[in-house]
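Asker: Below: one structure in structure tokens.
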Amino acid sequence: RVTPKNMGCGASAPVVTEAVFSEDDLDQQHAAEEATKTAAENERKRRIEEEAAQKEQNRVLEEEQTRVQQEKELTDATAVKDEEARQEWEQKRPRYCAIVGPPGSIKGQIVEMVVKERGMKHVSPG
């Protein structure tokens, strides 16, 4: 119980005397404390579960990114090998070119440019 105490000049300060609580009040207070503890524990468990779910989601995402990166690297490596094989085939395959024209139509000069630029051999039947 709180009762005012006269401090002079009309002012008063509260004075605390012994508080009297009934058993119902104590039971309600105890129930409220238990409810608060339970709510706090439930919140803590919920946060832990959320963190675990987020970690799992991040792990799965990281695995997927790693898999995609590995597939890309494999695809890139395969593409490089395919390109190298194509270039090698292009270099090794036989190439034929016939340049035909009347006398004085610069066939000889064209053949010289082709031989120089493409690395082909020149065979003249006539």
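Asker: Please specify each residue of the stretch 58-98 satisfying the condition of being within 30 Å of Val114 (Cβ to Cβ), assigned to a helix (DSSP H, G or I) and hydrophobic (A, V, I, L, M, F, W, C).
Answerer: Val80, Ala85, Trp89
Asker: Could you list, in sequence order, the residues of the stretch 99-126 that are part of a helix (DSSP H, G or I) and open to solvent by 90 Å² or more (accessible area, probe 1.4 Å)?
Answerer: Gln109, Glu112, Met113, Lys116, Glu117, Arg118
Asker: Looking at (1) at pLDDT below 95; (2) part of a helix (DSSP H, G or I), which is the one condition that is false for Ala19?
Answerer: Just one mismatch for Ala19, condition (2).
Asker: Consider only pairs whose beta carbons are under 6 Å apart and that are at least six residues apart or on different chains; among these, list those whose first residue lies in the stretch 94-108 and is under 14 Å from His122 (Cβ atoms) and whose second residue is in a loop (DSSP other than H, G, I, E, B).
Answerer: Partner pairs satisfying both residue conditions: Arg95/Met120; Lys107/Ile99; Lys107/Gly101.
The values are calculated or read from the model by the stated rules, or taken from the named source; none is laboratory data. This structure is a prediction, so every number in the text was calculated from the model and none was measured. So basically every Cβ, Gly included, is an ideal-geometry build from the backbone, and we count neighbours across all protein chains shown. Just so you know, the surface numbers come from the protein's heavy atoms only, side chains and all, with ligands and any DNA or RNA stripped out. Shrake-Rupley method; radii C 1.70, N 1.55, O 1.52, S 1.80 Å.
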